[in-house]
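One structure is given here, and the rest of the page talks about it.
The values are calculated or read from the model by the stated rules, or taken from the named source; none is laboratory data. The model shown is predicted, which means the values in this text are computed figures rather than measured ones. Counting neighbours? That spans all protein chains shown, and the Cβs are built from the backbone with ideal geometry, glycine included.
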Amino acid sequence: MKKLLMIGLLSLAPLMAQIEGDFTIPYIDFPVKKAKGAATYQANCMMCHSLGYIDNQGLQSKAFWKGKVEKMMIHFKAPITDQDAKTVIDYLYANYGNGKPK
Amino acid sequence: MERRDFFKKAMVTAGSVALGSSTLEASETTHPVDDRAISPIAFPEKRPMIMYSDRPPLLESPREVFTSALTPNDLFFVRWHMPMIPKYISTNGFRVKVDGHVDKTLSLSIEDLKTKFKQVELTSVLQCGGNSRSAFHPTTSGIQWGAGAMGCAKWKGVRLKDILEHAGLKSDATWLGFNGKDKAVYSETANFIREMKLEDLNDNALLAYEMNGEDLPYLNGFPLRLIIPGTYSDSWIKMISNITVSKEKNKLLFMEKAYRIPDNECECETPDKLVEKTKPIEKINVNSIIGYPQKGSKVRVNSHIVVRGVAFDAGSGIKSVQMSVDNGETWKEAILDKEDAGDFAFRAFRCTFNPSKVGKLTIMCKASSNAGEVQPLAKEIKWNHGGYRYNGVDEVTIEVIG
């Protein structure tokens, strides 16, 4: 049985991902700045991608963050309510903002 | 390292760079961030790298890999657009479909690709359009990459042209669309589909199943990915599952909104006056990076330093690399590696100098291509809203001690 298994494995060898079994990406717990709107921010943004995506855009203007949230809703069809969008934009500008409205 | 400290160090540089620069005028372009921390958490099949996101995975190579022409698979950068990457790909069950405006629809297994077509090996640079984006000011939209969103590997696979010939292109076939197996969380969200004009397809485009003599790592597109040498990698679809030939251009989100630069002479704009007419980024520009020394390295006076790095362009080949250690007053010719892996590959270079004075010293390296392109100084590079195509003369500042 072992011999058959070995032969089986060898015939698979030409193309075999180095990973045996399912491939899983580690979950990275990006820190969330505890501020007004943090829960709404987490709930809405983490649906589709990690918060690292947001952390690594650099500090940006209010207009930038508004544009990004709208992009998520319009182009990527994220189910974010208008009410939540406002909260998220304010949170992003307050915590990942550069102090400039535009 | 304390987890919080790690995140702080990893991200604070982007913030400190953005502060103080007006958002309504373009400020001077500087150099990409070069001191991001390596993540303590290694991703599958990878050694620890600089990590921006897990969903979807975004990993950057540390600068030291750029002392060699070939980038190791387990330090090769990673950039996905969609977070739902299949957990398991059956090597026997995998198929890449070629359909649309063709005589014959194909459904090819990896075995088919390996046995029914001519096998081709080609060494090529793979560079993200936003590589070194963090150099632009004010901070542009997009992930604030340092210089490590690129690599060079020996790819093995089948020419895309051979596969299309096998399928038989109809006389009015004009566009090629590419899609991979990664998906968004919501079914409503568009897939990361890219397309190109058939007439722009060159002989070097490959469907590659091997990278540096090994199967593609999962994170770099196992079991099959597209390679289009000489271009930015935004269209180099990973886990490629569909190639669709069409008569007309498709309306695709990721073509219309992403990876575009101003369609003007300077390919530039200012934040307060964005250029409306844009074009997709395509051919890479001449570029080079210093892999050693690193920022802040301490060396002794008279210690004979060998500066090492890589240079590359879109395929005309590197003519020369020059180094300056006196802020660009004088330049010394670097030695290019003898191992010529072809014109699409990294060309490794080395240049020696002997530091004679104590204090800070800045090393600059400038590449010139056979096509006549010369790397501009960082400050000469003009802004674009996507932070694409940065190729400023690299600078590394070290400390010479007594």
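Which one is nearest to the other protein chains (Cβ to nearest Cβ), of the residues in the stretch A:55-83 that are more than 25 Å from B:Gly146 (Cβ to Cβ) and surrounded by 18 or more Cβ atoms within 10 Å (Cβ to Cβ)?
A:Ala78
To keep it simple, each residue is scored yes or no on (1) of a type in the set (A, V, I, L, M); (2) at pLDDT 95 or above; (3) within 17 Å of B:Leu126 (Cβ to Cβ); (4) in a strand (DSSP E or B).
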{"position": "B:Ile243", "(1), (2), (3), (4)": "yes, yes, no, yes"}
{"position": "B:Ser316", "(1), (2), (3), (4)": "no, yes, no, no"}
{"position": "B:Lys319", "(1), (2), (3), (4)": "no, yes, no, yes"}
{"position": "B:Met323", "(1), (2), (3), (4)": "yes, yes, no, yes"}
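Could you check A:Gly97 against (1) of a type in the set (Gly, Ala, Ser); (2) under 15 Å from B:Pro138 (Cα atoms); (3) facing chain B (nearest Cβ under 9 Å) and say which number it fails?
Of everything listed in (1) of a type in the set (Gly, Ala, Ser); (2) under 15 Å from B:Pro138 (Cα atoms); (3) facing chain B (nearest Cβ under 9 Å), A:Gly97 misses just condition (3).
For B:Ala10, are the conditions met, namely being within 19 Å of A:Ile28 (Cβ to Cβ), modelled with pLDDT under 90 and touching a Leu at 6+ places or on another chain (Cβ under 8 Å)?
So B:Ala10 does not fit the description; no.
Is it the case that some residue within the stretch B:116-127 is free of Cβ contacts under 8 Å to residues at least 60 places away in the same chain and part of a helix (DSSP H, G or I)?
Within the stretch B:116-127, one or more residues are free of Cβ contacts under 8 Å to residues at least 60 places away in the same chain and part of a helix (DSSP H, G or I).
Pairs needed: first member in the stretch B:48-64, more than 10 Å from every other protein chain (Cβ to nearest Cβ); second member anywhere, in a helix (DSSP H, G or I); C-beta distance under 6 Å; at least 6 residues apart or different chains.
B:Ser61/B:Leu75
Give the residue that is farthest from B:Thr397 (Cα to Cα), with candidates limited to residues of the stretch B:333-361 that are surrounded by 14 or more Cβ atoms within 10 Å (Cβ to Cβ) and more than 23 Å from the chain's Cα centre (by Cα).
Only one residue fits best here, namely B:Ala334.
Inside the stretch B:166-188, can you point out the residues that are away from chain A (no Cβ under 14 Å) and either crowded, with 20+ Cβ neighbours inside 10 Å or under 29 Å from the mean Cα position of the chain (by Cα) (or both)?
B:Ala167, B:Thr174, B:Trp175, B:Leu176, B:Gly177, B:Phe178, B:Asn179, B:Gly180
Any residue that is modelled with pLDDT under 95 and assigned to a strand (DSSP E or B) - is there at least one of those in the stretch B:247-260?
Within the stretch B:247-260, one or more residues are modelled with pLDDT under 95 and assigned to a strand (DSSP E or B).
Could you go through the stretch B:289-304 and let me know if any residue there is modelled with pLDDT under 95, crowded, with 18+ Cβ neighbours inside 10 Å and β-branched (Val, Ile, Thr).
No.
Mind checking whether some residue in the stretch B:281-293 is within 25 Å of B:Ile227 (Cβ to Cβ) and among the acidic types (Asp, Glu)?
So far as the stretch B:281-293 goes, yes, one or more of its residues are within 25 Å of B:Ile227 (Cβ to Cβ) and among the acidic types (Asp, Glu).
Is it the case that some residue within the stretch B:75-88 is within 25 Å of the chain's Cα centre (by Cα), within 14 Å of chain A (Cβ to nearest Cβ), of a type outside the set (Lys, Arg) and more than 16 Å from B:Asp54 (Cα to Cα)?
Within the stretch B:75-88, none of the residues are within 25 Å of the chain's Cα centre (by Cα), within 14 Å of chain A (Cβ to nearest Cβ), of a type outside the set (Lys, Arg) and more than 16 Å from B:Asp54 (Cα to Cα).
If a residue must be in a loop (DSSP other than H, G, I, E, B) and in contact with a strand residue (DSSP E or B) (Cβ under 9 Å, 6 or more places away or on another chain), how many such residues does the stretch B:130-169 contain?
Total satisfying the criteria: 14.
Please enumerate the residues belonging to the stretch B:126-156 that are under 18 Å from B:Glu214 (Cβ atoms) and either under 17 Å from the mean Cα position of the chain (by Cα) or away from every other protein chain (no Cβ under 12 Å) (or both).
Selection gives B:Leu126, B:Gly151, B:Cys152, B:Ala153, B:Lys154, B:Trp155.
Among the residues of the stretch B:161-218, what is the count of those that are modelled with pLDDT of 90 or more and β-branched (Val, Ile, Thr)?
Count: 2.
Restricting to the stretch A:18-32, what's the tally of residues that are closer than 26 Å to A:Pro101 by Cβ and exposed (fewer than 13 other Cβ atoms within 10 Å of the Cβ)?
So the count comes out to 0.
Could you list, in sequence order, all residues of the stretch B:278-288 that are modelled with pLDDT of 95 or more and assigned to a loop (DSSP other than H, G, I, E, B)?
Passing the criteria: B:Ile284, B:Asn285, B:Val286.
Picking from B:Gly328, B:Gly387, which residue would you name as being part of a loop (DSSP other than H, G, I, E, B), over 30 Å from B:Tyr259 (Cα atoms) and at pLDDT 95 or above?
Just a single option satisfies the conditions, and that option is B:Gly328.
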